[in-house]
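Here the structure comes first, spelled out in structure tokens, and everything after it is commentary.
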Amino acid sequence: MLQILPQVLVDGLTLGFMYAVVALGYTMVYGILEFINFSHGEIFMVGAFIGTEVLLIMDALGGLQGLNPFIALLMALVISMIITGMLGVGIERVAYRPLRNSPRLVPLISAIGVSFLLQDVVRFAEALHRDAFYLTGPILFPGKLDIGIAQIPTKALIVIVTAIVLMIVLSFFINKTKWGIAMRAVAQDQSTASLMTINVDKVIMLTFLIGSSLGGATGVLFAQNYGTIDPYIGFILGMKAFTAAVLGGIGNVRGAMVGGVLLGVIESLSGAYLGPLTNGAFGGEYKDVIAFSILILVLLFKPEGLFGEAVKEKV
């Protein structure tokens, strides 16, 4: 079993970094609004479809032939991030902002409604355009890198590197820029921040823009890594990313990163070793049970997460 451990860890890190980037969207919105944006998983799904469609259109027009795959991936990422970022801003403006002072259950229900709406819109659009609910796009990096102890798929390496770059850029933005400081101020206290001439609405809009852009970019990476996508990929992955955010400490950016990577590795190890360790009583299909069991345990024994701080309920 130890022979496959390096490969299992590579798969876990690839999945974990995708969880981590999507989890950032959850944790950024919660940090400012104390609200779980359950439509974020579907924004990830929309990003996957947009990026794949961009590559398919380029391929149909002959644009991919002879084009550097890094340039093609960058184009898909940028277009997807722009569209999903604007989608996130639109969702905030239409579905969340009018409900900002409502009881917390109301925007939660609105988020679930937006989630189902996005699923059906994408399914309807793909059915009209391609007469199918799923989509398979070109893989830009089909090879493997042999490092001796494991063969790392090039596409997995691209996912990991891109996710790390996105997280570093986000961390720099939040900690070193004027708007990042404004976001942290609004997260601490919206009323005090507004008295200090910070435009709270613009900060919230920027939060949705950045979080949704990251979700869209991760969708493109997911499509490149797994090949085939459908309108329902956002639900499970979104729930896993939410679990990662809770594990790391909801509202904590560093916690979302660590929680995502940790959850991905645990899930990969469970899928590979759960069957042999239990003599076949539990197979790899139980990896989802492991992931959500972690969520339950964290909520029971350390609800603030690994890096979060226990806070009193605001009144």
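The values are calculated or read from the model by the stated rules, or taken from the named source; none is laboratory data. If you're wondering where the values come from, they're calculated on a predicted model, not measured in any experiment. Positions of Cβ are backbone-derived with ideal geometry, glycine not excepted, and every protein chain shown enters the neighbour counts. Ligands, DNA and RNA are excluded from the accessible area calculation, which covers all protein heavy atoms including side chains. Shrake-Rupley method; radii C 1.70, N 1.55, O 1.52, S 1.80 Å.
Results, tabulated for the structure shown:
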quantity	calculated
Stretchable slack from VAL169 to MET205, in nm (0.36 nm times residue separation minus alpha-carbon distance)	11.1 nm
Selection from GLY90, LEU117, VAL265 lying farthest towards where the dipole of the chain points positive, charges on Cβ	GLY90
Surface per residue (accessible, 1.4 Å probe) for region 170-315, Å²	50
Percent accessible area from carbon and sulfur atoms, the chain, protein chains only, probe 1.4 Å	69
Point-charge dipole on Cβ atoms (K/R +1, D/E -1) for the chain, about Cα centre, debye to 20	760
For region 132-251, the spread of Cα positions along each principal axis, largest first, Å	55, 38, 26
Listed residues ARG123, ARG254 arranged by accessible area, highest first, probe 1.4 Å	ARG254, ARG123
Accessible area per residue in Å² at 1.4 Å probe, computed on region 50-137	58
Residue (of LEU306, GLY238, PHE133) at the positive-pole extreme of the chain, dipole from beta-carbon charges	LEU306
Listed residues GLY12, GLY62, GLY271, most fluctuating in the chain (Gaussian network, C-alpha, under 10 Å)	GLY62
Residue-span extension gain [GLN151 to LEU56] - 0.36 nm each, minus C-alpha spacing	31.4 nm
Radius 15 Å from Cβ of ALA72, net charge of other residues (Lys, Arg +1; Asp, Glu -1)	-1
Simple label model, 7 Å out from Cα along Cβ direction - LEU277 to LYS178, nm	5.2
Residue-level accessible surface for GLU126, protein heavy atoms, 1.4 Å, Å²	10
Kyte-Doolittle mean at least -0.5, axial Cα span of 20 Å or more - DSSP H helices of the chain	5-33, 40-60, 69-91, 105-130, 154-176, 200-226, 233-248, 253-277, 287-301
The chain: most fluctuating residue of THR84, THR278, THR162 per GNM, C-alpha cutoff 10 Å	THR278
Within region 126-166: backbone nitrogen closer than 20 Å to the ILE82 label point (7 Å, Cα to C-beta)	166
Cut-off 14 Å between beta-carbons: net charge of the residues surrounding ILE168, Lys and Arg +1, Asp and Glu -1	+2
GNM flexibility winner over the chain from LEU24, LEU206, LEU214 (Cα, springs under 10 Å)	LEU206
